[in-house]
Amino acid sequence: MTLEGLKGSIAQFDAYKAQSPFLIIGGFFLLYVVVTVPSLPGATILTLAAGTLFGLTQGLLIASFASSIGATLAFLTSRYLLRDTIKSLGPINSLMWPRIKAGTQRLTAYLEILKIQGRLPRDSMDDFH
């Protein structure tokens, strides 16, 4: 992993992209969707890679549509294909509610501090109450 090696790899990628742009863009798009559907970590790196490999505008479009389609497929998978599995896990344990409530209170307090410091607009807390 040297700078020269990386530059050579990017030049080779650009040559492949010039030969068959639809195949390269489609492959990257499909890879992004496949990573997004099971909510695997790496979407941030893929977003940065899209901007690096395809440029700002094209990378933004590829990452935006791929992440939206992947998230939609993840929702549909959990809603319809994994519905019974998720229901079998049961409702949230009664021991979890105090933790959830405490986390919500800490988040609200943190946002109030940001509002007092002027880092958040005054009316930004209306959605949290």
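The values are calculated or read from the model by the stated rules, or taken from the named source; none is laboratory data. What you are looking at is a predicted structure, and each value in this text was computed from that prediction instead of being measured. Neighbour counts are summed over all protein chains in view; Cβ atoms, including those assigned to glycine, are modelled from backbone coordinates with ideal geometry.
With respect to the conditions (1) touching a residue at least 40 places away in the same chain (Cβ under 8 Å); (2) exposed (fewer than 12 other Cβ atoms within 10 Å of the Cβ), Val37 lacks only one, and its number is (2). In the range 65-73 there is no residue matching the filter, namely being at pLDDT below 90 and surrounded by 12 or more Cβ atoms within 10 Å (Cβ to Cβ).
When Gly70, Gly90 are screened for being on the phi > 0 side of the Ramachandran plot, without any contact (Cβ under 8 Å) to a residue 60 or more places away in the chain and out of contact with any Leu (no Cβ under 7 Å at 6 or more places or on another chain), only Gly90 passes. For the range 9-34, a residue qualifies if it is among the aromatic types (Phe, Trp, Tyr) and either within 25 Å of Ala71 (Cα to Cα) or surrounded by fewer than 11 Cβ atoms within 10 Å (Cβ to Cβ) (or both), and the qualifying residues are Phe22, Phe28, Phe29, Tyr32. Output the residues belonging to the range 7-37 that are assigned to a helix (DSSP H, G or I), among the aliphatic types (A, V, I, L, M) and either closer than 26 Å to Leu82 by Cβ or out of contact with any Leu (no Cβ under 9 Å at 6 or more places or on another chain) (or both). Selection gives Ala11, Ala15, Ala18, Leu23, Ile25, Leu30, Leu31, Val33, Val34, Val35. Inspect all residues belonging to the range 38-57 and state whether any of them is touching a Pro at 6+ places or on another chain (Cβ under 9 Å) and in a helix (DSSP H, G or I). Checked the range 38-57: no residue is touching a Pro at 6+ places or on another chain (Cβ under 9 Å) and in a helix (DSSP H, G or I).
Check Lys87, Lys101 and return the single one that is farther than 27 Å from Ile10 by Cβ, out of contact with any helix residue (DSSP H, G or I) (no Cβ under 9 Å at 6 or more places or on another chain) and either surrounded by 10 or more Cβ atoms within 10 Å (Cβ to Cβ) or hydroxyl-bearing (Ser, Thr, Tyr) (or both).
Lys101
Evaluation of Leu6 against the conditions (1) surrounded by 12 or more Cβ atoms within 10 Å (Cβ to Cβ); (2) more than 30 Å from Leu73 (Cβ to Cβ); (3) of a type in the set (A, V, I, L, M, F, W, C) shows that the sole unmet condition is (1).
Filtered by the rule that a residue be under 25 Å from Val37 (Cβ atoms), β-branched (Val, Ile, Thr) and at pLDDT 80 or above, the range 81-117 gives a lone residue, Thr85.
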